[in-house]
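The values are calculated or read from the model by the stated rules, or taken from the named source; none is laboratory data. Model, not experiment: these values are computed from the prediction. All Cβ positions, even for glycine, are placed from backbone atoms using ideal geometry, and neighbour counts span all protein chains on display. Surface areas here come from the heavy atoms of the whole protein model, side chains and all, with no ligands, DNA or RNA. Shrake-Rupley method; radii C 1.70, N 1.55, O 1.52, S 1.80 Å.
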Amino acid sequence: MESRSFDLVVCGAGATGLASAWQIKRRFPDLKLAVVDKENSVAAHQTGNNSGVIHSGIYYKPGGSKAINCRKGYLYLLDFCEKYNVPHEVCGKVIVASKEEELEGLEQIMERGRANGLSGLRFLNPEETKKIEPFVDCVQSIYVPQAGIIDYKALCLELQKQLEDQGVSFFLGDKLRDIKRSVQRLDLYFENKKIESRFLINCAGLYSDQLAKKCGFEIDFRIIPFRGEYFEFKPEFEYLVKHLIYPVPDPKFPFLGVHFTRMQLGGIEAGPNAVLALKREGYKKFDFKLSEFIGIMGYRGTMKLGLKHWKKGLEEYCRSFSKKAFVQTLKKMIPAVHADMFEQGGSGVRAQAIDKNGNLLDDFLILADEQVINLCNAPSPAATSCFAIGEMLSEQFEKIYT
Ligand SMILES: Cc1cc2nc3c(=O)[nH]c(=O)nc-3n(C[C@H](O)[C@H](O)[C@H](O)COP(=O)(O)OP(=O)(O)OC[C@H]3O[C@@H](n4cnc5c(N)ncnc54)[C@H](O)[C@@H]3O)c2cc1C
């Protein structure tokens with residue numbers, strides 16, 4: 001087993017791990033830094049399988065970590081993309097109320113957007129909405145000019161390139177299995193090597209809670225995987241969607257509801273739903289791993305969540321197994337769509353922290369001590385916010401390093 005030594009190891013080569021490494025390297029150019037990931041390439045999980053949207057920050061509770069970091073991260077992200085030619089486009093989006101009962105929710109979104117400092121937000125009537133999205137039927141909508149689309153994989157590859165150019169070591173394709181701590185250093189045991197480091201930053205997404213536990217943290221939540229499945233428009237029907245079309249989300253959940261998304265690399269996706277997965281990286285409907293299944297279903301928080309929201313859960317499973325039910329939800333926004341217009345698309349799995357009372361943790365969560373910093377809840381909009389999250393983690397790191 002080979003052994004190497006670093007000042008800091010960042011575990012996780014998704015958007016948050018890479019942007020954190022980038023921010024830290026800017027602050028400490030001489031730091032001996034390594035990024036590790038169990039997959040052979042960057043952005044292999046949440047970051048590379050998401051909707052590819054640059055969120056504006058309209059939805060999030062004013063003053064909360066999501067709101068602050070999404071707004072800040074949005075600007076950092078655009079700045080980086082423009083400087084280094086990462087494919088992206090600020091195309092705007094509409095959030096549509098399909099029935100009168102949703103108008104109050106729409107009003108609340110507008111209030112949050114304004115409180116979060118967004119400018120140019122406008123309520124649109126049905127005719128005005130059709131000028132932007134001709135096939136949408138609604139009672140009212142909000143136009144959000146700041147929303148955009150991006151190729152997050154390209155972003156991560158650019159970050160990897162820049163980090164490597166600055167001397168950061170990448171160890172891909174080897175899983176961090178165990179951690180032994182002593183006062184001066186951490187021994188990180190991988191399948192094929194051992195790395196010594198003074199500090200560790202855990203950006204391991206779907207496994208961030210397990211890694212935090214391995215580092216000795218007592219945690220009172222668990223990461224629960226929620227699969228998001230997509231359908232794709234057949235090319236001849238792509239004319240039905242110009243940009244991004246979102247419903248009014250259910251305020252009880254952090255997920256935004258199935259929506260239409262024009263992708264940066266071409267094509268239009270519809271989705272994602274939010275189905276409890278039976279394996280942390282359970283991308284397919286029947287993906288199953290016994291130890292993880294027990295961890296997910298045997299957790300008190302999952303049971304409580306299921307009891308509280310069984311109806312919503314059932315609807316999501318229906319939408320997962322019935323294309324007709326999925327398309328029925330989409331029809332509320334664009335009545336002209338029908339099942340034959342779509343092909344099965346890909347899927348992504350969200351890492352959502354849940355406490356033992358079945359509450360979904362709403363905000364980003366960081367747990368740290370004098371050697372380890374864990375990013376333990378980084379669901380959407382963490383990809384949009386990655387540079388702001390990275391800045392937060394680098395500030396945290398500065399406190400323990402200096
Ligand atoms: C379906 C879906 C749609 C979404 N849409 C959007 C969107 O449009 N816009 C947006 O801003 N956000 C969106 N999100 C959320 C966003 O993708 C995530 O919040 C963000 O990508 C999290 O990044 P991350 O780097 O923390 O996690 P990840 O991208 O999951 O990276 C974690 C990495 O850690 C590695 N890892 C885990 N355990 C180990 C180990 N033991 N050893 C080594 N490596 C390990 C994994 O291999 C992985 O590469 C969406 C998410 C999903 C799932």
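Scanning the stretch 193-206 finds no residues that are assigned to a helix (DSSP H, G or I), out of contact with any Asp or Glu (no Cβ under 8 Å at 6 or more places or on another chain) and open to solvent by 30 Å² or more (accessible area, probe 1.4 Å). Please go through the stretch 17-42 and pick out each residue that is open to solvent by 20 Å² or more (accessible area, probe 1.4 Å) and outside any loop (DSSP other than H, G, I, E, B). Correct list: Trp22, Arg26, Arg27, Asp37.
Filtering the stretch 98-125 to residues that are of a type outside the set (Gly, Ala, Ser), open to solvent by less than 40 Å² (accessible area, probe 1.4 Å) and under 17 Å from Met333 (Cα atoms) leaves Leu106, Leu124. Applying the set (1) crowded, with 18+ Cβ neighbours inside 10 Å; (2) assigned to a helix (DSSP H, G or I) to Gly228 leaves exactly one unmet item: (2). Looking at the structure I just gave you, is Leu157 of a type outside the set (S, T, N, Q) and either open to solvent by less than 50 Å² (accessible area, probe 1.4 Å) or in contact with a helix residue (DSSP H, G or I) (Cβ under 8 Å, 6 or more places away or on another chain) (or both)? Criteria not met by Leu157. Against the list (1) in a strand (DSSP E or B); (2) surrounded by fewer than 23 Cβ atoms within 10 Å (Cβ to Cβ), the condition Glu236 fails is (1).
Among (1) more than 13 Å from the ligand (Cβ to nearest atom); (2) modelled with pLDDT of 95 or more, where does Arg4 come up short? Every condition holds for Arg4 apart from (2). Residues in the stretch 207-219: is at least one assigned to a strand (DSSP E or B), outside the structural domain of Ser347 (by TED's automatic domain parsing) and of a type in the set (Phe, Trp, Tyr)? No: zero hits. Looking at the structure I just gave you, is Asp79 without any contact (Cβ under 8 Å) to a residue 24 or more places away in the chain, part of a loop (DSSP other than H, G, I, E, B), surrounded by fewer than 17 Cβ atoms within 10 Å (Cβ to Cβ) and not aliphatic (A, V, I, L, M)? For Asp79, the condition - without any contact (Cβ under 8 Å) to a residue 24 or more places away in the chain, part of a loop (DSSP other than H, G, I, E, B), surrounded by fewer than 17 Cβ atoms within 10 Å (Cβ to Cβ) and not aliphatic (A, V, I, L, M) - is not met.
For the stretch 59-75, the set of residues classified as crowded, with 20+ Cβ neighbours inside 10 Å and either among the aromatic types (Phe, Trp, Tyr) or under 17 Å from Ile150 (Cβ atoms) (or both) consists of Tyr59, Tyr60, Asn69, Cys70, Arg71, Gly73, Tyr74, listed by residue number. Looking only at the stretch 210-240, residues that are touching an Asp or Glu at 6+ places or on another chain (Cβ under 7 Å), of a type outside the set (Lys, Arg) and more than 15 Å from the ligand (Cβ to nearest atom) come to 3 in all. When residues in the stretch 348-391 are screened for being buried (at least 22 other Cβ atoms within 10 Å of the Cβ) and out of contact with any Lys or Arg (no Cβ under 9 Å at 6 or more places or on another chain), 12 of them pass. When Gln162 is tested against (1) of a type in the set (S, T, N, Q); (2) buried (at least 18 other Cβ atoms within 10 Å of the Cβ); (3) within 24 Å of the chain's Cα centre (by Cα), exactly one condition is not met: (2). Filtering the stretch 101-122 to residues that are in contact (Cβ under 8 Å) with a residue 24 or more places away in the chain and touching a strand residue (DSSP E or B) at 6+ places or on another chain (Cβ under 9 Å) leaves Glu102, Leu103, Gly105, Leu106, Ile109, Met110, Gly113, Leu118, Gly120, Leu121. Looking across the stretch 164-192 at every residue that is among the polar types (S, T, N, Q) and assigned to a loop (DSSP other than H, G, I, E, B), the one that is farthest from the ligand (Cβ to nearest atom) is identified as Gln184.
If you take the residues of the stretch 1-16 that are open to solvent by less than 30 Å² (accessible area, probe 1.4 Å) and hydrophobic (A, V, I, L, M, F, W, C), which of them is nearest to Leu155 (Cα to Cα)? Checking each candidate, the answer is Ala15.
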